[in-house]
Amino acid sequence: MAKYIFVAGGVMSGIGKGIAVSSIGRILKSKGFRVTAIKIDPYINVDAGTMNPIEHGEVFVTDDGIECDQDVGNYERFLDEDIYTDNYITTGRVYQAVINRERNLEYDGRCVEVVPDIPNEVISRIKRAGRKTKSEFVLVEIGGTVGEYQNMLFLEAARMLKLSHPKDVLFILVSYLPVPNMIGEMKTKPTQYAVRTLNSAGIQPNIILARSAVALDEIRKKKISVFCNVAPQDVISAPDIETIYEVPLNFEKENLGNRILKKLDLKIKKKKDLRDWRKLVKTIKNAKETVKIGIVGKYFETGKFCLMDSYISVIEAVKHASYFFNKKPEIFWLSASKYEKKPVQVEELKKYDGIIVPGGFGNRGIEGKIKAIKFCRENKIPFLGLCLGMQLAVVEFARNVCKLKNAGSTEFSKTKEPVIDVMPEQKTLLKEKKYGGTMRLGAYKCKIKPKTISARAYEKSTVSERHRHRYELNNDYKEILEKNGLVMAGKNPEKDLVEIIEAENHPFFVATQFHPEFKSRPLRPHPLFREFIRASIKT
C-alpha cells in the first residue's frame, strides 16, 4: 500500500504548492523511496490545452501527450522522472469519466450522485497512478486555495481516503504569512483562518509549510502551533529564496523528510543525502559570470506586469544549461510586437549573447518575430527557435534567401507559397472545430543528420522529443530550401516530417519543431539548450 500526501494551499494562490510538492518528492527520493506526484486542477476544462497561457501559464506536455498544468513540469524536473496522463486530474476529466460510465450502465442503474461518486472517481485515479508507477509515495497537489468552492470535492476525496486508510494518509498545508509594510510584523491570522477552513472540510493538517518573504521566528511558530493544533516542529519555515532548487535543502534544514517518515511510521531505506542537489545549488549561488539571453515572445505582457509563467520550461532550460557552464543567466523579455511598430528597434538584439523565439499560436507579433530571426541569421547571433520559432525561421529563410516573397504559414493567411502548412488529418479536425487535444502531441522519434550541430549536441542518431502543434514544414519546399543552404538536421522517420533545421555558416542557428525545453532537467540540461548556451558564451 502506497502512502499518500495531500498538499493544499492557504490564504492565496501562487505561493509555491507545486515547488513544495516537487521538493518533498526529491527529499523522499533521496531517502530511497519510489515517488510520484499528481496535480489536481479544479477547473471544468478536460485539460489545459485550450487555455490562454497569459491567464493560466505554460501548457506542459508529457511523453504520452497530455496537455497539463506547468506544475507537472516542476515534478519532472525535481524528480528527474517522466510523469504521465494518470497523474493529471481535472474536474472536467473526473465528471466526464463518471458521466460516460453512467451512460454505459456501469453503475447498474442506481442513482449517481456528486458525493460519493465524484470523490470515489478521484480516489480511484490517485490509486491507479500509484499502482502504475509502483510508487511508495504518491504526492497529490490540490490546486487553488482552501475555501474555494471548486476544490471542495477534492478535499472530500482526501478526507474519504484518510478515513479508509488512516495510517497511510498525510495532510500538508502550504500557507502564506504576510508582512504588511505599514505594520512591519509577520501576521499569522490568515493562516489560522485557512486551517479553520480546512478543518471545516473534515481535515486537520499534519504539517504546515509557512511561506513568507522572510524566515519564520519562534514566536510565530508557537502561535501557529497553538492556534492550528500542530506541534511546533511541524511548522516548517519556507521563506523566499534565490533559487527554487534550494527549497529541498531548506526543508531538510528543518527535518521535514524525517518528520514525514515518522508520522507514517517509516524508516529511511537508502540515504543519498541530496549530494548532487547541494552541488547544483552551490554552483547557482557561486556563479559570477553572466550570459545574456533575449526571449522574443508575446505571452508575457499582461497590463503593467510581466508574466514569466507562460514560458517557465524555456526559462528553466536556459538556467540548467547556464549552470552547466557555471554561468548566471540573465533573461530579457523582448516584445515581438514592438519590432513590427518600430523595425529599427531590432538592432537591440546585438546587446544579447543569444536569442530564443519560443512557441505560440495566432498571428499577433508574427512579423516582429520574423524580423528578429532575420537579424540573428544575418548578424551571426546564436539563435534557438522552438516550434513556432522554427516555422517562422523557415518563412524568413524562404522569403529572404530563397526569394519566395509570398512565403508564409497557412495558420495566419492564405499564402501563395505555403512553406508551413497543416497536415491533411489536421485539416479535417479544424473543419470540424475540434481544437482540444487534437494536435501532434507527445513524444515522436527524430532521426538526426550526421555532421550537424544537432548531431554534435545529442551524440545519438535517433532521439525522442515532445510536440504540441498542428502546422509543419511543407515538404514540397524542402528541395529549394536545402538548395539555398537550409539544413534539414532532423526528421521524423515515420512521417518524413522535418523536426530540426539549421542554417549553414552560422555559429548556432538551430530551430526545432518539437519542444526540447520539456525534457530539460537541473542535473541534465537538454543537449540543444546546452549547445546554444555554449555558442552564446563563445560569441
- Message: Starting from a Cα-only point model with no solvent, please compute log10 I(q)/I(0) by Debye for the stretch 3-279 at q = 0.08, 0.12 1/Å.
- Response: -0.32, -0.73
- Note on the structure: Cα-Cα longer than 26 Å, checked against 29/162; 127/222; 132/167, kept in input order, equals 127/222
- Item | Full-extension gain in nm, residue 128 to residue 276, via 0.36 nm per residue minus C-alpha separation | 50.2 nm
- Item | Label zone at residue 229 (point 7 Å along Cα-to-Cβ), backbone N below 20 Å, the stretch 163-198 | 163-176, 188-198
- So what are the stretch 381-539's ellipsoid semi-axes, whole angstrom, largest first, if each one is the square root of 5 times an eigenvalue of the alpha-carbon gyration tensor? 25, 20, 13
- Query: Taking the simple approach of a point 7 Å from Cα along Cα-to-Cβ for both residue 243 and residue 538, what is their distance in nm?
  - Reply: 2.5
- Item | Packing-based exposure ordering (other Cβ within 10 Å, fewest first) of 453, 83, 40 | 453, 83, 40
- Binned Cα-Cα distance frequencies in the stretch 1-79 - 10 Å width, integer %: 16, 47, 31, 6, 0
- If you compute Rg and Dmax of the Cα atoms in Å for the structure shown, which of (i) 26.8, 90; (ii) 25.2, 101; (iii) 24.6, 75 do you land on? (iii)
- Which distance in Å, rounded to a whole number, links the C-alpha centroids of the stretch 71-124 and the stretch 224-289? 31
- Debye-sum result for the stretch 30-189 in log10 I(q)/I(0), which assumes one identical scatterer on each alpha carbon, at q = 0.17 Å⁻¹: -1.12
- DSSP beta bridge pairing in the stretch 3-279, given as percent antiparallel to the nearest 5: 5
- Note on the structure: Per the rule of 0.36 nm per residue minus the C-alpha distance, extending residue 99 to residue 163 adds in nm 20.5 nm
- quick note, the chain, DSSP beta bridge pairs, % antiparallel (nearest 5) is 35
- Message: From the helices alone, meaning DSSP H stretches of at least four residues, give me the mean residue ellipticity at 222 nm for the chain, per-run term -39500 (n - 2.57), in deg cm²/dmol to the nearest 500.
- Response: -11000 deg cm²/dmol
- If you stretched the chain out fully between residue 330 and residue 412, how much longer would it get, using 0.36 nm times the residue separation minus the C-alpha to C-alpha distance? 26.3 nm
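Coordinate-derived values only; no laboratory data. Owing to the predicted nature of the structure, the values given are computational and were not obtained by experimental measurement. Here the Cβ is made from the backbone with ideal geometry for all residues, glycine too, and neighbour counts use every protein chain on show.
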